[in-house]
Amino acid sequence: MRLVILGGPGSGKSTQARQLCRHLGIVEISSGNILRRAIASQTDLGRKAQPYVEKGELVPDEILIEFMRQRLLQPDTAKGWVLEGYPRTAFQAEELDFLLEELNQQLDWAIYLTVPESVMMTRSVERSQNYAKDSTTSAKSRLDDHPEIVPRRIELFYERTVPILEYYDYRQKLLTINGDQPPEQVQPNILHKLALDN
Ligand code: AMP
């Protein structure tokens with residue numbers, strides 16, 4: 001199964017992606033986690049991405065597309081994957097399709113977790129406050145969850161990511177799920193729509 005999870009900041013994408021991967025025994029590929037790790041270890045990708053991630057801006061398409069292309073060619077992707085946080089722009093979505101075509105593969109579904117903007121805001125700010133309370137190194141590396149940049153991340157979601165919904169809807173690949181409920185209620189809804197709950 002090859003899935004994409006779409007949603008704004010605080011929509012529950014990463015929680016749902018993790019659970020789906022566990023359920024389906026496939027690999028989770030999170031662009032945000034990849035970038036945060038790359039920044040923490042100051043790899044070439046990390047150094048290029050850092051100024052954007054810190055401001056809540058999107059990392060330029062050409063940097064990320066090439067990286068994700070390489071990632072999707074790794075052997076652990078053979079059984080399928082859940083992409084979380086990628087694609088996030090129309091250009092990334094098209095490039096993903098080109099790559100899949102080249103590999104003779106197909107995306108099964110793009111799952112869109114809808115939550116009202118006010119929920120994105122409160123969940124993201126709460127998360128940043130929790131990180132601030134937690135003094136472990138990994139928590140400190142969430143540079144991108146500072147409350148000041150949350151509105152910009154939400155704005156970019158509407159500007160750059162929402163247009164992708166139409167792209168997948170047109171291709172009859174879009175599954176819309178209400179993300180404004182506790183995570184343990186969202187997961188069964190996703191499995192039900194994927195017809196995997198029997
Ligand atoms: P996330 O954890 O998915 O919200 O990603 C954290 C940050 O990484 C974002 O605010 C962006 O700066 C960057 N990022 C993650 N995925 C992408 C993407 N697909 N395209 C551009 N930038 C991204």
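The values are calculated or read from the model by the stated rules, or taken from the named source; none is laboratory data. Note that this is a predicted model, so its numbers are computed, not measured. With ideal geometry, Cβ positions are generated from the backbone for all residues, glycine too; neighbour counts draw on all protein chains shown.
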Condition check for Val4: among the β-branched types (Val, Ile, Thr), within 17 Å of Leu156 (Cβ to Cβ) and in contact with a Leu (Cβ under 8 Å, 6 or more places away or on another chain):
no
Could you figure out which of (1) on the phi > 0 side of the Ramachandran plot; (2) in contact with an Asp or Glu (Cβ under 7 Å, 6 or more places away or on another chain) isn't true of Phe91?
(1)
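For (1) without any contact (Cβ under 8 Å) to a residue 24 or more places away in the chain; (2) of a type outside the set (Gly, Ala, Ser); (3) crowded, with 20+ Cβ neighbours inside 10 Å, each residue gets a yes or a no:
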residue: Ile39; (1), (2), (3): no, yes, yes
residue: Gln42; (1), (2), (3): yes, yes, no
residue: Gly46; (1), (2), (3): yes, no, no
residue: Gly56; (1), (2), (3): no, no, yes
Considering only segment 63-91, how many residues are within 14 Å of the ligand (Cβ to nearest atom) and touching a residue at least 60 places away in the same chain (Cβ under 8 Å)?
9
Lys13 vs. criteria of a type in the set (D, E, K, R) and within 25 Å of Arg171 (Cα to Cα)
yes
State all residues of segment 6-35 that are crowded, with 19+ Cβ neighbours inside 10 Å, within 10 Å of the ligand (Cβ to nearest atom) and of a type outside the set (Gly, Ala, Ser); if no residue qualifies, say none.
Pro9, Lys13, Ile34, Leu35
Regarding segment 13-26, can at least one residue be identified that is in a loop (DSSP other than H, G, I, E, B), closer than 21 Å to Glu159 by Cα and at pLDDT 95 or above?
no
Could you look through segment 144-154, keep only residues that are surrounded by 13 or more Cβ atoms within 10 Å (Cβ to Cβ) and more than 9 Å from the ligand (Cβ to nearest atom), and pick out the one that is modelled with the highest pLDDT?
Ile154
